[in-house]
Amino acid sequence: MNHALKYAADGFAVFPCRPGDKQPLGALAPNGCLDATTDAETIKGWWTKCPNANIGLATGAKSGLAVVDLDGQMGMMSGRLLKLSSPVASLTGNGKHLFYSDPGGSLKNSVKKLAAGVDTRGTG
């Protein structure tokens, strides 16, 4: 809960995901990222009901955040070929997320449009 509240205090809208998974916790946030919020009371309620929930971050205009998702070996290789980098990155179970500021929410979601194994997460 404390991490979710910290993200929210920093302006990132959050929503609960199933423990150990990246799927929205349907009982609490049936609309997934569309239910994301920075409201501390809502966040406290979600994590009180499911303290082990993973934290989902809404991308796009809601948080001013864009993510490039490098999936698997192909995505990692494509990222190197495209010379993609970011000062803020996280390892995933099968690749890496590169985080970027996108205050206007101009980046849209895409799957493998930039290159093989490279998805984008933004508005939409």
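The values are calculated or read from the model by the stated rules, or taken from the named source; none is laboratory data. As the structure is a prediction and not an experimental result, all values here were calculated from the model. Glycine also receives a Cβ, built like all others from the backbone with ideal geometry; neighbour counts cover every protein chain displayed. Remember, those area values only see protein heavy atoms, side chains included, never the ligands or the DNA or RNA. Shrake-Rupley method; radii C 1.70, N 1.55, O 1.52, S 1.80 Å.
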- State which residue pairs qualify: first residue closer than 12 Å to Leu70 by Cβ and inside region 80-109, second residue assigned to a loop (DSSP other than H, G, I, E, B) and among the hydrophobic types (A, V, I, L, M, F, W, C) in any location, beta carbons under 7 Å apart, and separation of 6 or more residues or different chains. Leu98/Leu84
- Scan of region 6-32 for residues that are open to solvent by less than 40 Å² (accessible area, probe 1.4 Å), closer than 24 Å to Ser101 by Cα and of a type in the set (A, V, I, L, M, F, W, C), ordered by number: Ala8, Ala13, Val14, Phe15, Cys17
- Query: Does Leu84 meet the test of being among the hydrophobic types (A, V, I, L, M, F, W, C), farther than 23 Å from Asp21 by Cα and crowded, with 17+ Cβ neighbours inside 10 Å?
  - Reply: yes
- Task: Return the total of residues in region 56-76 being modelled with pLDDT under 95, open to solvent by 60 Å² or more (accessible area, probe 1.4 Å) and either assigned to a helix (DSSP H, G or I) or touching a strand residue (DSSP E or B) at 6+ places or on another chain (Cβ under 7 Å) (or both).
- Result: 1
- Query: Taking region 1-19 on its own, how many of its residues are farther than 17 Å from Arg121 by Cα, in contact with a strand residue (DSSP E or B) (Cβ under 7 Å, 6 or more places away or on another chain) and small (Gly, Ala, Ser)?
  - Reply: 2
